[in-house]
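Working notes for the structure below.
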Amino acid sequence: MLEIKLDEDSRSALYLQLYKKLKDKIKNELKVDTKLPPIRKMAAEVNVNPATVVKAYDMLAEEQLIYKKVGSGSFVAPEKKSSYSENREDMLKHGQIKLSESINFASAAPSTDLFPVADFKYAINQVLERDQGEAFTYQKSQGFLPLRKSIKKYFEEQGINSSLKQIQVVSGAQQAIDIISKILLDYRDQIIVEDPTYFGALQAFNSRRAEIKSIKMEQDGADLEEMEIYLQKNKIKFFFTMQNFQNPTGVNWSREKQRQLLELAEKYNFYIIEDDILSDLNYDQNRINNLKEFDEQGRVIYIKSFSKVFMPGLRLAFIILPEKLLPEVLEAKYATDISSGGLTQRAFDYYLREGLLDKHISFQRNLFQKRYQLMREQIIGHLPEEIKITFGIKGGLYFWLNLPQDQDTQALYEIAVQKGLVFSPGHLFSASKRYSNYLRLSFAAVDEKQIKRGIRILKDSYYNYRGEELNDDYSPLL
């Protein structure tokens, strides 16, 4: 027993009292990995409602003082180490950017003027007229059935076949990654990620205290020879990958490497989490393939989100799961938020059935292709020669730039911010804090005028960072 006493006469809420007392014990008495009492047992010990204990445990989990294992309980987490104050770098690391009037080369979400507001308003109105109050009821945790049928048909058109039973609706790709992490990962389980990779995924995996092995990216995908050397000595739970227009490099995996990766998954018995958010934005005529198309052994957990080509605030994404994982995913989804928004699901289903999504994606593809071409021209034509585009991308929303080895893009970022430009320093995308001389530029949230001005600011900032004068061959106006 933890011997905790709460004061019912106190002005402080019981859940806050419990949270503070548990926090004190975690910091001063309890060892790492100590299991806390189950919710009902704790409620009985301190004579409170179980909901009070849930609130206290949730607050401890948010502060990363405890971690939870689905089906096992809550445990004391290792001490959180941090050498950073809550400055701009720390906020950027958590996906928060103070933009003010800045040109935004950091965000991969489209600007609000590109949202199909009129078409989606039409879809919502049609749903409200059709469904009335039913539109605001809870949906089943697996998702609104007609929407799952619509997205199944959409997947089939992309060459991906699955049963209806395998499709789970979630509130965004980040929730999908988080839920999968919860059901597959225990403390210090090993996983592999691409290096560099999406920092939101790294945050989810770190929250589960996973041991993360990073495998470097090459022109046609991750280095699978390096991966197999690691697999020969280590047992992993899964490999996290973005197969098309990978974040942040923009790399597309080759068909040959996709085949080899599936063979490795079968040989060494691990899952592959394929996060697909950008395969719709292909700027050449060659068809690209998702890994899930070739998954015959049920090794690939496929996540599909339209947030970068539609409206990110809708918070909708879809998972195709191996059937044996479905019960645990449903349990974790229910525990997280019961179900994704009912009106949102119904409206998106109508939007899909009317062919409006295909129309919008076609519009976005044409627009972003022009921005891609312009930013590429500006980078090559105006930035110093030592700043290079790392890979020859042909789609997506990013450029991954490589500076000389001794350069620090975090320091460059601080200078650029003062001049009205934000971008993503490369170290944010690495579990091992590599890529300090890399940066990611996104053209999702900027127009052509801002692209031109932003590259000029980046050039100016780079020369300031190097302590050199920028000579643009200006002459005095006489």
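The values are calculated or read from the model by the stated rules, or taken from the named source; none is laboratory data. In this text, all values refer to a predicted model and were calculated from it rather than measured experimentally. Glycine also receives a Cβ, built like all others from the backbone with ideal geometry; neighbour counts cover every protein chain displayed.
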Qualifying residue in segment 388-398 (condition: over 23 Å from the mean Cα position of the chain (by Cα), part of a loop (DSSP other than H, G, I, E, B), surrounded by 14 or more Cβ atoms within 10 Å (Cβ to Cβ) and modelled with pLDDT of 95 or more): no
Might you check whether a residue that is of a type in the set (A, V, I, L, M, F, W, C), in contact (Cβ under 8 Å) with a residue 24 or more places away in the chain and over 30 Å from R453 (Cα atoms) occurs anywhere in segment 365-385? no
Quick one: would you say E45 is exposed (fewer than 11 other Cβ atoms within 10 Å of the Cβ) and farther than 21 Å from T336 by Cβ? no
Quick check: is even one residue across segment 373-394 in contact with a Lys or Arg (Cβ under 6 Å, 6 or more places away or on another chain) and closer than 30 Å to I192 by Cα? no
Any residue that is among the small types (G, A, S), surrounded by fewer than 20 Cβ atoms within 10 Å (Cβ to Cβ) and at negative phi - is there at least one of those in segment 356-372? yes
Would you mind finding the one in S214, S163, S150 that is closer than 30 Å to A77 by Cβ and among the polar types (S, T, N, Q)? S214
So the check is Cβ under 9 Å with 6+ separation or different chains; which pairs have a first residue in segment 1-23 that's small (G, A, S) and a second one that's outside any loop (DSSP other than H, G, I, E, B)? S10/Q17; S12/K20; A13/T52; A13/K55
Answer yes or no as to whether T344 is touching a helix residue (DSSP H, G or I) at 6+ places or on another chain (Cβ under 7 Å), crowded, with 22+ Cβ neighbours inside 10 Å, under 28 Å from F120 (Cβ atoms) and not charged (D, E, K, R). yes
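Per-residue answers, yes or no, for (1) surrounded by 13 or more Cβ atoms within 10 Å (Cβ to Cβ); (2) under 21 Å from F75 (Cβ atoms); (3) touching a strand residue (DSSP E or B) at 6+ places or on another chain (Cβ under 6 Å):
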site	(1), (2), (3)
L2	yes, yes, no
K5	no, no, no
R11	no, no, no
L18	yes, yes, no
D24	no, yes, no
E29	no, yes, no
T34	yes, yes, yes
R40	no, yes, no
If S307 satisfies every condition in (1) of a type outside the set (A, V, I, L, M); (2) part of a helix (DSSP H, G or I); (3) surrounded by fewer than 21 Cβ atoms within 10 Å (Cβ to Cβ) but one, which is the exception? (2)
Checked pairs for segment 287-309, first in the same structural domain as Y268 (by TED's automatic domain parsing) and closer than 18 Å to E256 by Cβ, second crowded, with 22+ Cβ neighbours inside 10 Å and of a type in the set (F, W, Y), C-beta under 6 Å and 6 or more apart or across chains, list as K292/Y302
A careful count of residues in segment 147-168 that are under 22 Å from G342 (Cβ atoms) and outside any helix (DSSP H, G or I) gives 2
Among the residues of segment 395-412, the number that are touching a strand residue (DSSP E or B) at 6+ places or on another chain (Cβ under 7 Å) and in contact (Cβ under 8 Å) with a residue 60 or more places away in the chain is 6
Filtering segment 199-237 down to residues that are among the hydroxyl-bearing types (S, T, Y) and modelled with pLDDT of 95 or more, which residue is farthest from E63 (Cα to Cα)? Y230
Suppose we keep only residues that are out of contact with any Phe, Trp or Tyr (no Cβ under 8 Å at 6 or more places or on another chain) and among the hydroxyl-bearing types (S, T, Y) within segment 111-149. Which one would you say is nearest to I167 (Cα to Cα)? Y138
Residues of segment 123-140 being surrounded by 12 or more Cβ atoms within 10 Å (Cβ to Cβ) and at pLDDT 95 or above, which ones? A123, I124, N125, Q126, V127, L128, D131
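Per-residue answers, yes or no, for (1) out of contact with any helix residue (DSSP H, G or I) (no Cβ under 6 Å at 6 or more places or on another chain); (2) modelled with pLDDT under 95; (3) under 30 Å from Y230 (Cβ atoms); (4) polar (S, T, N, Q):
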| site | (1), (2), (3), (4) |
| --- | --- |
| E274 | no, no, yes, no |
| D280 | no, yes, no, no |
| I288 | yes, yes, yes, no |
| D295 | yes, no, yes, no |
| A317 | no, no, yes, no |
| L321 | no, no, yes, no |
| F348 | yes, no, no, no |
Which is in contact (Cβ under 8 Å) with a residue 24 or more places away in the chain, small (G, A, S) and in a helix (DSSP H, G or I), of A347, A431? A347
